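Beneath this line is the structure, given in structure tokens, with notes to follow.
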Amino acid sequence: MQRPVGVLAIQGDFAAHARALETLGARVIRVLREHDLDAIDALVIPGGESTTIAKGLARLELYAPLQRRIAAGLPVLGTCAGAILLAHRVVNHPVRVLDAIDVTAERNAYGTQVDSFATTVDDGAPEELAGLRCVFIRAPRLRDPGPAVEILARVDGHPVLVRQGHALAATFHPELTPDTRVHRLLLKQSTPPH
């Protein structure tokens, strides 16, 4: 039976995340309403524009339901803007956050769209992530990780993939490469089907 995995479909390349998850055998549900959360075993919050996604979450009244589900153990992966929304604090034009990972997210830390780049993670990543290629587009930087935050991968010494409990945050866009290892990490954490 396919695992039902939600992809927040407010803004950003949620379709690319859906394709990556379907490649891994997940059944993807686009999340736009509170009742959509009842049907999923894991959630992806995609990249895009964090202010736009935050406004969409507020307009759709999804902040409180998402915080409840994440606190209750819903595995979640936030990429780029999604990583910002999962953070505890945001600097450089703060937005309202879900406060799932004890880090400070610095928005647009690597510059503007024209400063986008791709590279591989530093040596020292877990074997399952060795050589992972990362695409950075107006990416945030994650700073000040709390003691419960596990740093899974770094680029130039900076954390780019972190985990706290069942919440994962990637400052890059794993959906823009054919490598599904980050999505696989989320599925490994997902709860059994109801």
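All of the numbers you see were taken from the coordinates with simple rules; none came from a lab. This is a predicted model, so every value here is computed, not measured. Counting neighbours? That spans all protein chains shown, and the Cβs are built from the backbone with ideal geometry, glycine included.
Table for the structure above
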| quantity | calculated |
| --- | --- |
| Cα principal axis extents for the range 45-102, largest first, Å | 29, 25, 17 |
| Cα centroid of the range 124-194 to Cα centroid of the range 70-94, whole Å | 12 |
| Among A81, L185, G157 - extreme Cα towards positive end, dipole of the range 4-189, charges at beta-carbon | A81 |
| The range 4-189, dipole about Cα centre (Lys/Arg Cβ +1, Asp/Glu Cβ -1), debye to the nearest 20 | 380 |
| Computed [θ] at 222 nm, deg cm²/dmol, the chain (DSSP H ≥ 4; -39,500 (n - 2.57); rounded to nearest 500) | -6500 deg cm²/dmol |
| Size descriptor, Kirkwood hydrodynamic radius, that averages inverse alpha-carbon separations across the range 1-62, Å | 11.7 |
| Ascending count of other beta-carbon atoms within 10 Å, so fewest first, for C80, C134 | C134, C80 |
| Against the rule of thumb 2.2 N^0.38 Å, how large the Cα Rg of the range 95-194 comes out | 1.07 |
| Along each principal axis, Cα extent of the range 4-189, largest first, Å | 41, 37, 34 |
| Förster radius 22 Å - calculated FRET efficiency between I151 and T120, Cβ distance, rounded to 0.05 | 0.85 |
| Choice from I45, I151, I53 showing the highest fluctuation, given a GNM over the chain with Cα pairs closer than 10 Å | I151 |
